Amino acid sequence: MKKRDKAIKDIVELDKLEEILGKCKICRVGMVDVDTPYVLAMNFGYDNQTIWLHCAKEGKKVDILKRNNKVCIEFDTDHKLFSRHEHVACSWRFGYKSVLIHGNALFVEDYDEKIKGLNVFMKNYSDKEFEYSKPSVDNIHLIKIPIDSITGRSFEY
C-alpha cells in the first residue's frame with residue numbers, strides 16, 4: 001500500500017473547519033440523479049452546523065433532491081500554486097484547504113424559517129441588513145442541510 005503524501009493533513013477541529021467555510025463564497029453540491037452524479041457550484045450560507053442554499057422553485061436540482069435528498073458538499077480555499085523545481089513539471093503543486101460535508105437537503109416551507117435562512121445566506125456575502133418581499137420569498141426554494149458529517153483537509157499547509 002502506498003504511503004500517504006506527508007503534505008496532506010486532516011483537519012478535525014470544528015473551529016478550523018468553520019474558518020475554511022468562512023473564507024468560501026461558492027460550494028459544490030453533489031447529488032445523485034438515479035445512478036448519475038450531478039454537481040453544481042452554488043452560493044451558500046452557514047450557521048450552527050447547517051448549510052443554507054436557495055434556488056428556483058423548479059429545475060433539475062429540485063427534481064433530483066425530491067427523489068434523493070442526500071448531498072455531499074465541497075468547499076475549498078487558500079489556493080496557492082508553486083514548484084519545488086521550476087523546470088520539473090512533476091514538482092509543481094497546488095496547495096489548498098478544503099471541507100467536505102454530508103447531509104440531507106430539506107426544503108423549507110415555513111415563511112419565518114425561510115427568512116432566517118436567507119439572513120444566514122446573505123451574511124456570507126454582506127454585513128448589511130436586508131428586507132425581503134413576500135412574493136420573492138414565496139417564489140424560491142430555501143434548502144436547509146443539517147450537517148451529518150464534516151471533514152477537512154489541507155494540502156501543502
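Computed from the coordinates by the stated procedures, all read-outs in this text should not be read as laboratory data. Values in this document were obtained by computation on a predicted structure and should not be read as measured data. Heads up, the Cβs are rebuilt from the backbone with ideal geometry, glycines too, and the neighbour counts pull from every protein chain shown.
For the range 36-130, trypsin sites (Lys or Arg not before Pro) are listed when DSSP marks them as loop and at most 12 other Cβ atoms sit within 10 Å of their Cβ; the list is Lys57, Arg84, Lys128.
Angle of helix 14-23 to the longest C-alpha principal axis of the chain, folded into 0 to 90 degrees and rounded to 10: 80°.
With loop membership from DSSP and a limit of 11 other Cβ atoms within 10 Å, the longest segment of the chain without GluC sites (Glu not before Pro) is 14-57. For the chain, the longest principal axis of the C-alpha atoms and the axis of helix 111-123 are separated by about 30°. Here the Debye sum runs over all C-alpha atoms of the range 8-155 as equal scatterers in vacuum, and log10 of I(q)/I(0) at q = 0.11, 0.20, 0.21 Å⁻¹ comes out as -0.48, -1.24, -1.32. For the range 20-83 and the range 95-138, write down the distance between their C-alpha centroids in whole Å. If you average the Cα positions of each part, the centres end up 13 Å apart. Placing unit charges on the Cβ atoms only, positive for Lys and Arg and negative for Asp and Glu, gives the chain a dipole magnitude near 720 debye about its Cα centre. In plain terms, the chain from Lys3 to Val32 could stretch by 7.3 nm, reckoned as 0.36 nm per residue minus the Cα-Cα distance. Exceedance of the 32 Å cut-off in Cα-Cα distance is limited, within the set Lys2/Lys144; Lys9/Lys128; Lys16/Lys60; Lys80/Lys116; Lys80/Lys123, to Lys2/Lys144; Lys9/Lys128; Lys16/Lys60; Lys80/Lys116. Once C-alpha pairs closer than 8 Å and six or more residues apart are averaged by separation and normalised to the residue number of the range 1-124, the relative contact order reads 26 percent. Using the rule -39500 (n - 2.57) for each DSSP H run of four or more residues, divided by the residues of the chain, the 222 nm mean residue ellipticity is -6500 deg cm²/dmol. Which of His79, His87, His54 ends up with the largest GNM mean-square fluctuation for the chain, with Cα atoms connected below 10 Å? Judging by the Gaussian network model, the answer is His87.
Name the residue farthest towards the positive end of the dipole of the chain from the options Val137, Leu118, Thr50, assuming +1 on Cβ of Lys and Arg, -1 on Cβ of Asp and Glu, about the Cα centre. The one lying farthest along the dipole's positive direction is Thr50.
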